[in-house]
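To keep things clear, I will list the structure first and then write my remarks on it.
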Amino acid sequence: MRLTPLFATLSLTALLAGQVEARTVAVAADRLVDVATGKETDKPLVIITDGRITAVGHQGDAIPSGAERVSLPGVTLLPGLIDMHTHISSSPLFSGYNSLLFTDSFWPVISTANAKATLEAGFTTIRNVGSDRYDDVGLQQAIDAGFVPGPRIIPASYAIGATGGHCDSTFFPPSMDQRSPAVIDSPDEGRRMVRQLHKYGAQVIKICATGGVFSHGDTPGAQQMTADEIKAIVEEAHAAGMKVAAHAHGASGITASIRAGVDTIEHVSLVDDEGIKLALQTGAYFGMDIYNTDYTQAEGKKNGVLEENLQKDRDIGLIQRQNYRKALKAGVKMIYSTDAGVYPHGTNARQLETMVEWGATPLQAIQSATVTSAEALGQSGDVGQVAVGRYGDLVGVKGDPLKDVTLLQHPVFVMKGGETVKRP
């Protein structure tokens, strides 16, 4: 029987596929930081095959035949960094009503520039916790398909909120009839919204349990979702294999979220002793964005941030930093959450310095953006460490980041999945 041309082509392709050699990269540097322990290895050699690390050894070890060699003299390597709280399709340059100067399709377009800047800054994985029109899902798909450069994205799409709350549209009069598509006002509505977001590509669920700094007409400390609503959302998300992040500034919203099983609590500005105790008991993670107040107070008015929001930011900024130090000292697990989009994408690493100023060691700050965030994502086997089996995600700096964490603001080398993004 004669083979049809299509069948013959497919058969030949299948045969050749087994003969294609794996792509291998060998990266040599001066030092490698084990972020789990703080130990440093001199003259490391990292072998990456088809995007995954297959060996971590020393220069002089055997290198697979045909491997691409990357030599980085004077460079210290760390795993690619993780930012657990970004808004990749937002820009701080157009705040308040200034954002209305642009058509809807402007935002997904600039998100491609934001993604490139974020990746080149050494952040190879981000969790995007709030984006309109499923823009972050579309960007994730474009990056994964190789059309645009950017980090790995865990998208939330719309953040779920209550009517009139922080995640609703609150800046317009009744005649404009503005309402967020993700508003819910009952446990059943919460369950339905989780299912809808999951249906269209969300991989994590974001809720707004309390008021916020950059919303209109509310206070950050006020709880805006009931305990039953939060619990229903968490149950539905966990049943679908998704984790939940809660925007929660106020103490009651923080404790309600932890009791309901929320995985990461974001902002955590007004946390009390009970909230800290519950986090320690349950293993909940805190993601405290303690740098961005500096940017907002310096540049916000020029960018269009309303005075109401600037004042709320002033009122809460110092308290949040003091509570960060308190929770850190108590032993709460800290992830790296910057709220990038409130300040410029690509400058995500600036918060590391602020964390050290408020009590963290350089290693603790780095761990928050690597191994601890990987654990919170449930992706310790993929990201967060330079170890066999993980993605070949690397960031390199000139000098010792365990002595000067600000070096990570200016990485000289970035690699994602074995592909060089930036090098000296």
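Cross-linked pairs K43/K398; K243/K333; K277/K326; K231/K329; K39/K403; K199/K243: Cα-Cα separations exceed 20 Å for K231/K329. Converting phi to 3J(HN,Hα) with the Karplus coefficients 6.51, -1.76 and 1.60 and the offset θ = phi - 60°, segment 33-44 yields 8, 7, 5, 6, 10, x, 6, 10, 10, 7, 6, x Hz in sequence order, with x at every glycine or proline. In the chain, the longest principal axis of the Cα atoms and the axis of helix 251-260 are about 50 degrees apart. The phi torsions of segment 215-227, fed into the Karplus equation with coefficients 6.51, -1.76 and 1.60 and a -60° offset, translate into couplings of 10, 10, x, 10, 10, x, x, 6, 6, 10, 10, 6, 4 Hz, rounded to whole numbers, with Gly and Pro shown as x.
Shape of segment 179-334 from its Cα gyration tensor (a ≥ b ≥ c, root eigenvalues): rounded if a/c is under 1.5, otherwise prolate when a/b > b/c, or oblate? In terms of gyration-tensor shape, oblate. Amide H of V148: which non-local residues (sequence gap of 5 or more, or other chain) have their own amide H closer than 5 Å, using H built in the peptide plane? Placed amide hydrogens put I143 under 5 Å from V148. Remark on V75: its backbone amide H falls under 5 Å from those of D30, R31, a criterion applied only to residues 5 or more positions apart or on other chains, H modelled at 1.01 Å from N. For the chain, the 222 nm mean residue ellipticity estimated from helices alone, with every DSSP H stretch of n ≥ 4 adding -39500 (n - 2.57) and the total spread over all residues, rounds to -10500 deg cm²/dmol.
Taking other residues whose beta carbon is less than 13 angstrom from the beta carbon of A284, and scoring Lys, Arg as +1 and Asp, Glu as -1, yields 0. Each peptide among 354-364, 390-400 gets the average number of other Cβ atoms lying within 10 Å of its residues, and from highest to lowest they stand as 390-400, 354-364.
The H on the amide N of V421, modeled in the peptide plane, is under 5 Å from the matching H of V414, M415, K416, each at least 5 residues off or on a different chain.
For segment 269-366, with only Lys/Arg (+1) and Asp/Glu (-1) charged at the beta-carbon, what is the dipole magnitude about the Cα centre, in debye rounded to 20? Present the calculation step by step, with values, prior to reporting the outcome.
Working: 11 positive and 13 negative charges, 52 e Å.
Dipole of segment 269-366, to the nearest 20 debye: 260 debye.
Of L100, L270, L280, L45, the order by accessible heavy-atom surface (1.4 Å probe, DNA, RNA and ligands excluded), from most exposed downward, is L100, L280, L270, L45.
Report for the chain the percent antiparallel among DSSP-assigned beta bridges with both residues inside it, nearest 5. The antiparallel proportion sits near 45 percent. Starting from the Cα of K302, draw a straight line to each of the aspartates and glutamates and keep only those under 17 Å, dropping any in the same chain fewer than 8 residues away. Output for K302: D294, D313. Per residue, the chain exposes 42 Å² of solvent-accessible protein surface, assessed with a 1.4 angstrom probe and all protein chains in place. With Cα atoms as the point set, the radius of gyration and Dmax of segment 113-239 evaluate to 15.7, 45 Å.
When the accessible area of segment 255-331 is split by element with a 1.4 Å probe, what percent falls to carbon and sulfur?
Working: 1620 of 3220 Å².
Looking at segment 255-331 in its full context, I get 50 percent from C and S.
Taking θ as phi - 60° and the Karplus parameters 6.51, -1.76 and 1.60, the scalar couplings of segment 318-324 work out to 5, 4, 4, 5, 5, 6, 4 Hz in sequence order, x denoting glycine and proline.
The values are calculated or read from the model by the stated rules, or taken from the named source; none is laboratory data. Note that this is a predicted model, so its numbers are computed, not measured. All Cβ positions, even for glycine, are placed from backbone atoms using ideal geometry, and neighbour counts span all protein chains on display. Ligands, DNA and RNA are excluded from the accessible area calculation, which covers all protein heavy atoms including side chains. Shrake-Rupley method; radii C 1.70, N 1.55, O 1.52, S 1.80 Å.
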